[in-house]
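Data block below; observations after.
The values are calculated or read from the model by the stated rules, or taken from the named source; none is laboratory data. Note that the coordinates shown come from a computational prediction; the quantities given were computed from them, not determined experimentally. A quick note on method: Cβ atoms are made from the backbone with ideal geometry, for glycine too, and the neighbour counts reach across all protein chains shown.
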Amino acid sequence: MAIASTGREPIYLEPMIAVIQRVKSSRVEVGGQVVGQIGPGLNCLLGVEKGDTQEDLEWLCDKIVHLRIFEDEQGKMNLSVLDIQGGILVIPQFTLLGDCRKGRRPNFTRAAPPQEASDIFNRAVEHFKQYPVSVAQGVFQAHMLVYIENDGPVTFIINSRERGR
C-alpha cells in the first residue's frame, strides 16, 4: 500500500486490483440470461478504488493481456492470452476492496463510488477491446452468477500500485 502525506494525516493510495484466472471457459449470467461468455482465456474480476487513474487502468489491462500464464509445447507458462488468441471475461467486483482487518463486517469505504467505478470499469473493457482477443463482460451492480472452468487452477492477483517495484 502506498502512502502519501498532506502534512496532516496520511492518505492511503489504494490499487486498482484484478484477480485473474486461467480458464477453459467462463460465463456470467444475470437474471437467468447469459450476458457474457468466453472459451479458453482469462476470467478477470476487477475492483476499482477511489483515486484510480487512467494510468492504473492502462497498466493493469496491458499487464493482464501480456502476462505469460498459458503453457507452451514444453508445458511451461510461456504464452499470453494474446498468443493463444483467447478471450477475457471482465467482471466488476467491488468486494475485492473489502477491508476485513477490523470487526466482522467488511468495510468498503475505499471502493470508488458507483458512477466513478462504473466509468473506469467500462473504460477497462474498452481498453481490452483494443487487443486481438474476444472480450465479454459482466453487468455493473448486478447480482451475477459466474461459472468458471478453471484451468490448473492458475490464479493471480494483480495490483496497479505494485508496478515498477
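Considered as a group, the residues in segment 77-96 that are assigned to a loop (DSSP other than H, G, I, E, B) and under 18 Å from THR155 (Cβ atoms) include one that is farthest from the chain's Cα centre (by Cα), and that residue is ILE84. Restricting attention to segment 97-156, the residues that are in a loop (DSSP other than H, G, I, E, B) and farther than 26 Å from GLY86 by Cβ add up to 15.
ALA117 fulfils the conditions (1) touching a helix residue (DSSP H, G or I) at 6+ places or on another chain (Cβ under 8 Å); (2) at pLDDT 95 or above except for a single criterion, (2). Evaluate the following for GLN37: is it surrounded by 14 or more Cβ atoms within 10 Å (Cβ to Cβ), at pLDDT 95 or above, assigned to a strand (DSSP E or B) and within 11 Å of the chain's Cα centre (by Cα)? No; evaluated as a whole, the condition is false for this residue.
For every residue, the table says whether it meets (1) of a type outside the set (S, T, N, Q); (2) farther than 24 Å from GLY31 by Cβ; (3) free of Cβ contacts under 8 Å to residues at least 12 places away in the same chain.
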{"site": "PRO113", "(1), (2), (3)": "yes, yes, no"}
{"site": "ILE120", "(1), (2), (3)": "yes, yes, no"}
{"site": "GLY138", "(1), (2), (3)": "yes, no, no"}
{"site": "GLN141", "(1), (2), (3)": "no, no, no"}
{"site": "ILE148", "(1), (2), (3)": "yes, no, no"}
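Suppose the filter is closer than 17 Å to ILE64 by Cβ and modelled with pLDDT of 95 or more; does ASN122 pass it? The answer is yes for ASN122.
For segment 136-160, filtering for residues that are acidic (Asp, Glu) and more than 19 Å from GLY32 (Cα to Cα) leaves 1.
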